[in-house]
Amino acid sequence: MARSDLVIVSNRGPLSFTRDDAGQLTPTRGGGGLVSSVGPLVQGTGATWVAAAISDDDREAMKAAGGVVEAEGYRLRALDIPPAQYRQFYDVVSNSTLWFLHHGLDDLPRRPLYDRRWREAWDGYRAVNALFADAAADEAPDGAVVLVQDYHLSLVPAMLRERRPDVRSIHFHHTPFATPTLIRALPTAEELLHGLAAADACGFHAERWRADFEACCAAVGLSPRTFVSPLAPDGDDIGSVAASSACAEAAGWVDEAVGDCQVILRVDRIELSKNIVRGFLAYELLLEERPDLRGRVVFVALVYPSRQSLPQYQAYRQEVQTVVERVNNRFSTGEWLPIVFDDHDDFPRSVAALKRYDVLLVNPVRDGLNLVAKEGPLVNECSGVVAVSREAGVWDELSSAALGLNPFDIAETADVLAAALSMPAEERGRRAAALREIAQARRPDDWLTDQLALVDP
């Protein structure tokens, strides 16, 4: 599908640069879930991707190429943003304010502190959004479609509307959206909402996030056009990984770690909204109340650090490790380790574990979607049960076949884990087949097609 009239705008781009053994800058696929999901949809289409140059090597590569690189099927324009301004945009506002706000993580009696320093950071956020809007306006051909990605760039649609009224723009919010009560705490809430509402349409992964956004907008007199289009896992991609030699080698590691035990699995970033600690506390409660399960079940946690420049995330990582150590010290025997914890980002190992789980635990306090809950059923070979937080966007799709849980209720989570582990084989098979069918109901390109249908003639 040729789409030279398409411009993607996001914080992270589809390419990052590193030096090879000869010291030459070479492109590799960029990191992050958004790039993994959206990148293949526009690769080789002639679309332009506008993103930030994240590393020093990225900035050097872009400077040498005159600001635009064409490689690996992508045309990338990466912005060289002053480091101090980027920290204001990314660390202070995007990840320490908006992420917490949209995921309901704020502790309003204590944090956040909207002081003078935060106001300066918001100025930086606005300035970086303007840089992205300027670049999109420069790159977009006449009548182009600009797809703006996520909460980092909430002000871009309004800025782009001013610069290029001929351009059609869609903003897609990959996270949940704050409720009207939560967003009122943000001093710049109206600017944020006006920025988003200027898009031709605003998209979300789940109906409840659209409803929250519309309610926030209605409170300030806005009525934007909205839509719901959940991303789908790439079955071909994850299937090829599942069939790879790297995955087969990783499966040996999994088998050695769990033996003939049943497996509870989680695959996540160590991120506050993922609710990792409560998941371990629920497992600890399960082992307390069900001593017959000791030595018969292993919790495999394949989790990897995220946003370690932020003190909240450093502290949470330590809390996760402390709980794991306590549970293992409390219950382990010479032959059995209750929690197998691996904090390396190893995709083949994650896929190998997804093939092997008896229960996949997905218990975020709030989540825009959560693709793992749909990827697992595609490759699982054990009629695995999926236990999903009702606060995950993916619950809207999986509720007929998964087991739901309140992510804040440790007792209920323990009960759900117990029910999943003891579920009769016939019911497990029926649910697993239904989950696989749901996961296959949409293809990755449906997400892009839904958006283009809104703006194409």
Quickly run through segment 389-420 and pick out the residues that are in a helix (DSSP H, G or I) and among the small types (G, A, S).
A411, A414, A418, A419, A420
Please verify whether segment 104-118 includes one or more residues that are crowded, with 22+ Cβ neighbours inside 10 Å and in contact (Cβ under 8 Å) with a residue 24 or more places away in the chain.
no
Of G23, G13, G31, which residue is touching a strand residue (DSSP E or B) at 6+ places or on another chain (Cβ under 7 Å) and at pLDDT below 85?
G31
For segment 249-357, which helices (runs of 4 or more DSSP H) that fit wholly inside it have 1 or more residues that are more than 28 Å from V379 (Cβ to Cβ), of a type in the set (F, W, Y) and assigned by TED's automatic domain parsing to the domain that holds L371?
311-331
Just checking, does segment 412-431 include any residue being in contact with a Gly (Cβ under 9 Å, 6 or more places away or on another chain), closer than 22 Å to L105 by Cβ and either in the same structural domain as L285 (by TED's automatic domain parsing) or surrounded by 18 or more Cβ atoms within 10 Å (Cβ to Cβ) (or both)?
yes
Restricted to segment 125-152 and to residues being in a loop (DSSP other than H, G, I, E, B) and of a type in the set (A, V, I, L, M, F, W, C), the residue surrounded by the most Cβ atoms within 10 Å (Cβ to Cβ) is A140
Restricting to segment 334-375, what's the tally of residues that are free of Cβ contacts under 8 Å to residues at least 60 places away in the same chain and either under 29 Å from E426 (Cα atoms) or of a type in the set (F, W, Y) (or both)?
5
Out of segment 321-352, which residues are under 18 Å from N275 (Cα atoms), hydrophobic (A, V, I, L, M, F, W, C) and out of contact with any strand residue (DSSP E or B) (no Cβ under 6 Å at 6 or more places or on another chain)?
V323
Condition test on D80, is it over 24 Å from T449 (Cα atoms), free of Cβ contacts under 8 Å to residues at least 40 places away in the same chain and among the charged types (D, E, K, R)?
yes
Hey, can you tell me all the residues within segment 47-71 that are surrounded by 15 or more Cβ atoms within 10 Å (Cβ to Cβ) and within 28 Å of D446 (Cα to Cα)?
A47, T48, W49, V50, A51, A52, V69, A71
Which condition breaks for A401 when tested against (1) touching a residue at least 40 places away in the same chain (Cβ under 8 Å); (2) buried (at least 20 other Cβ atoms within 10 Å of the Cβ)?
(1)
Matching residues, segment 226-266, being touching a strand residue (DSSP E or B) at 6+ places or on another chain (Cβ under 8 Å), under 27 Å from R443 (Cα atoms) and in contact (Cβ under 8 Å) with a residue 40 or more places away in the chain
F227, S229, L265, R266
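Residue-by-condition table, conditions (1) of a type outside the set (G, A, S); (2) free of Cβ contacts under 8 Å to residues at least 12 places away in the same chain:
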position	(1), (2)
R269	yes, no
K274	yes, no
E289	yes, no
S309	no, no
A315	no, yes
V324	yes, no
V327	yes, no
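The values are calculated or read from the model by the stated rules, or taken from the named source; none is laboratory data. All values reported here derive from a predicted model rather than from experimental measurement. Counting neighbours? That spans all protein chains shown, and the Cβs are built from the backbone with ideal geometry, glycine included.
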